[in-house]
Amino acid sequence: MSDLDVAAIKADFPILSRTIRDGKKLVYLDSGATSQKPRQVLDAEREFYEKHNAAVHRGAHQLAEEATDAYETARKKIATFIGAKVNEIVFTKNATEAINLVSYAFLNATLKAQNKKPLPEGSEQFVLHPGDELLVTEMEHHANLIPWQELADKTGVKLRWIGLTDSGRLDLSNLDSLITNKTRIVSLTHQSNLLGTINDIDVITKAAKKVNALVLLDACQSVPHMKVDVGTLNVDFITWSGHKMLGPLGIGCLWSRNELLNAMPPFITGGSMIETVSMEGSTFASAPQRFEAGVPMAAQAIGLAAAVDYLSAIGMDKVAAHEHKLTQLALELLGKIPGVRIIGPLDSANRGSAISFVVDGLHPHDVGQVLDEQGIAVRVGHHCAWPVCKRYQVPATTRATFYIYNDESDVEALAAGIIKAQEFFGVK
Amino acid sequence: MKLENMYQEIILDHYKRPHGKGLIEDSDAQVHHVNPTCGDEITLQVKHVPGTDKFTIHYDNQGCSISQASASILFDQLDGKSFAEGEPAVEHMVAMMQRAEEPDEDLLGDGIALVGVAAYPARVKCALLSWMAWKDAVIQAQGKEGK
């Protein structure tokens, strides 16, 4: 497989040519927080506003037709990107909202059932009963933890979690005591944003299917970085954010089979998602419209479709292979620096490009500050995964993440930068 | 040079050898403040000095050099002071961080070395963490006494 032409890719990203602090070249290693945008995505969004902007699914005039067509064409493109059908994609604000959508389907179905109010056909699989359990893991981003904690608190069901091994992987040794016939949903990350761990989803879905538990996959750090196909994953829900895959901020996706979506009560309600409305009561549209209240964020959807085009032109296998190379180099170089400890798997197999580390005698915030002074942008803190920090007994970590516009010199700069931080604080 | 301005020798000294660390059993108020963005935490206690309106400070913390140094500096400046004496120092620290006031050594002592933090807005919360905790703790202690 030929290497990525990173120089050519970088040239597509206007922000990567700016300087940082005292005229330092920008080395952007925070794509795990948000990715930068190529000109092609910016142009697509701008062109929509300049030529086709109108309120989607509303109005019979030509602009409204063009806007609606562009929006639904974007949905089709994004669906195809993950091997899905067009009516299986719901647009949300981001992955956090998409996960909340599913957790609220459980809450709303449970409450409505208690009050004997109308529910869609098939909604029993979302009605919770005393003794039911929800299962997550200890490596989840807060977006895939807090909604389930809240759901458990509100309905009285129990939240359990799969623990972690010392080497940063899921501890599956007691999986059959965790996924039981009490389990209603297993919600887990495909790729950890802090540890970099890529989880084996098959072992989870096999256990879940045996007990008819639903499976939600948080794919925020996988869809942008590797081939994700709904056909091979065999899960029930997939969530991800557009802004981590070169797309605009403010758009995310929920994928699910259409019949499952149609069994769910709505989350955010209002205009667009209705079928009939009167003062006495309303009925709701079928999915995906049922979950898209308000004027759709068409410009962002078109921007995300342009991001899909950009990544598809490179090829997700090539993207993954490129990042794998950088991950291997980073593990090697950082592993050699005395006083640096990587938090997460040290082997590059089934491991994504999030590299979190601690430096003896230095707080991550101080490491990040010295790196920043050299133009290197990393993230410091809990990375919205505080339980992971607690599990590995670190107050916080410094985290670098790589993407298609990073190359070996960026990894080398990171390693050199860490050594500089150690020298600055006199802990070398 | 801006980074050296923020990380002056005085600050690194306080970071490496912090003053006043250690919690007590019988404080009059205890607060726990956190900076969720970066993982700085402080547990701070105050104890009323009988017959006066002054408070001793006791704390334990973990976090970056700025937050730890700032807590040590806070101890030096405000340990054994009253709310009336300490609050102007807190207000001045906040104002200095916002570049609204020039550093006043009488109020802040070594704390004027933190003026460099103002150039890095993401670190202001680190510098202010212990000072906000002190204010919170003293207000709580005074509230309990019905003052």
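The values are calculated or read from the model by the stated rules, or taken from the named source; none is laboratory data. Please read these numbers as outputs of a predicted model, since none were measured by experiment. Note that each Cβ is placed from the backbone with ideal geometry, even for glycine, and that neighbours are counted across all protein chains shown. What goes into the accessible areas is simple: the full protein's heavy atoms, side chains included, and nothing from ligands, DNA or RNA. Shrake-Rupley method; radii C 1.70, N 1.55, O 1.52, S 1.80 Å.
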Starting from residues that are of a type in the set (Asp, Glu) and crowded, with 16+ Cβ neighbours inside 10 Å, keep the ones in the range B:1-45 and report whichever is nearest to B:Tyr120 (Cα to Cα). B:Asp40
Exclusive hit being within 14 Å of chain A (Cβ to nearest Cβ) and modelled with pLDDT under 95, set B:Gly146, B:Gly63: B:Gly63
Quickly run through the range B:50-63 and pick out the residues that are touching a strand residue (DSSP E or B) at 6+ places or on another chain (Cβ under 6 Å) and not in a strand (DSSP E or B). B:Asp53, B:Gly63
Quick check: is even one residue across the range B:94-113 assigned to a helix (DSSP H, G or I) and within 14 Å of another protein chain (Cβ to nearest Cβ)? no
Matching option when the condition is in a helix (DSSP H, G or I) and either within 27 Å of B:Ile42 (Cα to Cα) or open to solvent by less than 30 Å² (accessible area, probe 1.4 Å) (or both), among A:Lys420, A:Lys390: A:Lys390
Failed item in (1) open to solvent by 40 Å² or more (accessible area, probe 1.4 Å); (2) within 23 Å of the chain's Cα centre (by Cα); (3) acidic (Asp, Glu), with A:Glu88 passing the rest: (1)
Residue that is modelled with the highest pLDDT [pool: residues in the range A:376-387 that are in a loop (DSSP other than H, G, I, E, B) and open to solvent by 10 Å² or more (accessible area, probe 1.4 Å)]: A:Val378
Criterion first (more than 19 Å from A:Glu72 (Cβ to Cβ), in contact (Cβ under 8 Å) with a residue 24 or more places away in the chain and either open to solvent by less than 10 Å² (accessible area, probe 1.4 Å) or aromatic (Phe, Trp, Tyr) (or both)) does A:Ala298 satisfy it? no
Could you list, ordered by first residue, the pairs with Cβ atoms under 7 Å in which the first is in the range A:228-240 and in a helix (DSSP H, G or I) and the second is open to solvent by less than 20 Å² (accessible area, probe 1.4 Å), at least 6 apart or interchain? A:Val230/A:Ile82; A:Val230/A:Ala84; A:Val230/A:Ile238; A:Val230/A:Trp255; A:Leu233/A:Ile201; A:Leu233/A:Leu217
Is there any pair linking a residue in the range B:63-81 that is in contact (Cβ under 8 Å) with a residue 40 or more places away in the chain and of a type in the set (Phe, Trp, Tyr) to one that is open to solvent by 10 Å² or more (accessible area, probe 1.4 Å) and outside any helix (DSSP H, G or I), with Cβ under 7 Å and at least six apart or on different chains, and which? B:Phe75/B:His19; B:Phe75/B:Gly20
